[in-house]
Amino acid sequence: MNEMTLQPAMIENILEGISDGVFTVDENWRITSFNRAAEEITGVKRKEAIGQRCSEVFRSSLCGADCALQRTLKTGKPIIGKSAYIIRADGSRIPISISTAVLKDKNGKIIGGAETFRDLSEIETLRQELRNKMGFGDLVSRSPLMQKIFEVLPAIAASPSTVLITGETGTGKELVARTIHQLSPRSRGPFIAVNCAALPNELLESELFGYKKGAFTGAVQDKPGRFALAKGGTLFFDEIGEVSPALQVKLLRVLQDRIYEPLGATRSETANVRIIVATNQDLTEMVKTGAFREDLYYRVNVVRIDLPPLRRRKEDIPVIIEQLVERFNLLWRKSVSGVSIEALSLLMAHDWPGNIRELENVIERAFVLCNDGEITLKHLPEELTARRVTDLPPESIRSAVQTLEAQTIQSALARHNFNRTAAAKDLGIHKTTLFRRMKKLGLSLPRKDGRSHPKK
């Protein structure tokens with residue numbers, strides 16, 4: 001049988017008919033071909049792209065030292081499905097998935113490279129919609145304990161009342177405070193955070209209220225305090241329990257009268273701020289011992305939010321990990337896909353005394369050791385891996401497996417615009433099997449989709 005040889009015109013017609021962007025470059029990284037989909041995704045016309053260096057057209061997060069096409073030309077190995085983003089001609093940022101290949105002539109000599117890229121904007125939008133259902137911005141959770149907090153956050157944000165946030169170290173108290181600020185009428189104003197435990201009390205007063213020139217030795221000019229800097233916005237006091245009794249008196253006056261005096265000032269200033277405070281201590285016990293003023297306690301404890309520790313909401317661990325993986329991939333220009341079942345099982349079994357902050361440190365450490373693919377047991381610290389997966393309770397492993405399965409199904413559905421038939425084919429299972437697994441895992445399709453939805 002004679003082999004069929006594709007003519008250049010036939011190849012061009014094929015490339016023009018596919019939805020993925022395709023371009024080729026020569027050995028000098030100059031674009032030699034640029035299909036219709038590439039024009040649509042980048043916003044750059046073909047005639048403008050041809051002859052330009054690819055980095056000038058795409059302005060990708062991978063351009064430079066981490067260029068995927070460059071790596072392919074050096075190693076001869078293709079790259080499949082690497083995540084990145086490009087900057088369109090209009091300045092907007094577009095998430096993409098890229099694949100690369102080497103171009104050779106009939107004698108086997110490398111003459112350039114080819115790259116295909118897929119616009120993931122719709123998938124990212126769907127993913128963001130899903131995430132928004134679980135929280136507000138960076139504050140995400142599946143936990144019923146956190147969902148109760150989410151329900152009241154808009155009302156809390158809308159009020160001018162002082163808020164007290166309690167919780168163990170690392171539970172995300174500042175993140176909740178920032179979320180309240182972003183949802184509030186003061187969102188256009190600044191958010192100023194003060195760690196009361198990080199500053200000596202003799203410096204904390206001047207940091208909060210500011211000072212006038214000549215107020216003390218070394219005060220050579222006026223300096224605005226945090227109250228002035230936060231004007232029109234929100235002032236967040238972290239670790240309020242560390243404030244000295246003398247400074248507590250002055251804070252009480254601000255909360256009562258909404259005025260304060262910078263050091264060395266002859267007149268009072270208006271405190272036009274919303275105040276949110278946080279602590280990892282038991283303020284009621286501190287009131288009993290006299291370490292915290294009772295009248296100040298009642299002033300700050302107008303609206304109270306108690307954040308549960310991570311060990312009480314372990315269902316959030318996979319959600320937080322996914323968020324961290326996305327963040328570190330963008331920050332370090334890596335393409336880590338996620339966490340293996342064995343590694344997730346260990347992470348789910350750990351009690352996390354340092355809460356979300358400890359989890360973030362563990363994932364960041366894993367990123368240092370993992371360049372591509374999955375985070376596995378070898379990327380986790382020894383204090384975790386010393387406890388073998390086989391030693392874990394069966395429910396921990398089962399929970400991790402179910403979580404990963406749910407994430408895999410959701411990703412497949414998003415890739416295919418929630419078409420169950422296409423998603424099932426992608427996963428290599430029958431449509432009825434997919435429907436049964438979705439029902440068991442409590443997954444559903446968007447109502448706007450118009451298809452049947454598994455009943456919970």
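The values are calculated or read from the model by the stated rules, or taken from the named source; none is laboratory data. None of these values were measured; they are calculated from a predicted model. Glycine gets a Cβ as well: all are built from the backbone with ideal geometry, and neighbour counts include every protein chain shown.
Below is a table of values for the structure above.
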{"item": "From Glu168, Glu205, Glu242, Glu174, residue being more than 25 Å from Glu151 (Cα to Cα) and modelled with pLDDT of 90 or more", "result": "Glu242"}
{"item": "Residue within region 33-47 that is crowded, with 19+ Cβ neighbours inside 10 Å, among the polar types (S, T, N, Q), modelled with pLDDT under 85 and out of contact with any Pro (no Cβ under 7 Å at 6 or more places or on another chain) present", "result": "no"}
{"item": "Residue within region 319-339 that is of a type in the set (A, V, I, L, M, F, W, C), more than 30 Å from Arg71 (Cβ to Cβ) and in a helix (DSSP H, G or I) present", "result": "yes"}
{"item": "Criterion: among the small types (Gly, Ala, Ser), surrounded by 15 or more Cβ atoms within 10 Å (Cβ to Cβ), farther than 18 Å from Lys334 by Cβ and not assigned by TED's automatic domain parsing to the domain that holds Asp372 - qualifying residue of Gly76, Gly51, Gly112", "result": "Gly112"}
{"item": "Single match in Ala366, Ala349, Ala291 (criterion: of a type in the set (Gly, Ala, Ser), in contact (Cβ under 8 Å) with a residue 12 or more places away in the chain and in the same structural domain as Val152 (by TED's automatic domain parsing))", "result": "Ala291"}
{"item": "Odd one out for Glu395 among (1) modelled with pLDDT of 65 or more; (2) part of a helix (DSSP H, G or I)", "result": "(1)"}
{"item": "Among (1) within 26 Å of the chain's Cα centre (by Cα); (2) surrounded by fewer than 19 Cβ atoms within 10 Å (Cβ to Cβ); (3) not in a loop (DSSP other than H, G, I, E, B), the one test that Leu164 misses", "result": "(2)"}
{"item": "Residue list for region 37-63, restricted to those being farther than 15 Å from Glu115 by Cβ, of a type outside the set (Asp, Glu) and either assigned to a helix (DSSP H, G or I) or within 32 Å of the chain's Cα centre (by Cα) (or both)", "result": "Gly43, Arg46, Lys47"}
{"item": "Verdict on Leu208 being surrounded by 20 or more Cβ atoms within 10 Å (Cβ to Cβ), assigned to a helix (DSSP H, G or I) and in the same structural domain as Pro262 (by TED's automatic domain parsing)", "result": "yes"}
{"item": "Residue, nearest to Ala228 (Cα to Cα), within region 260-308, restricted to residues that are aromatic (Phe, Trp, Tyr) and buried (at least 20 other Cβ atoms within 10 Å of the Cβ)", "result": "Tyr260"}
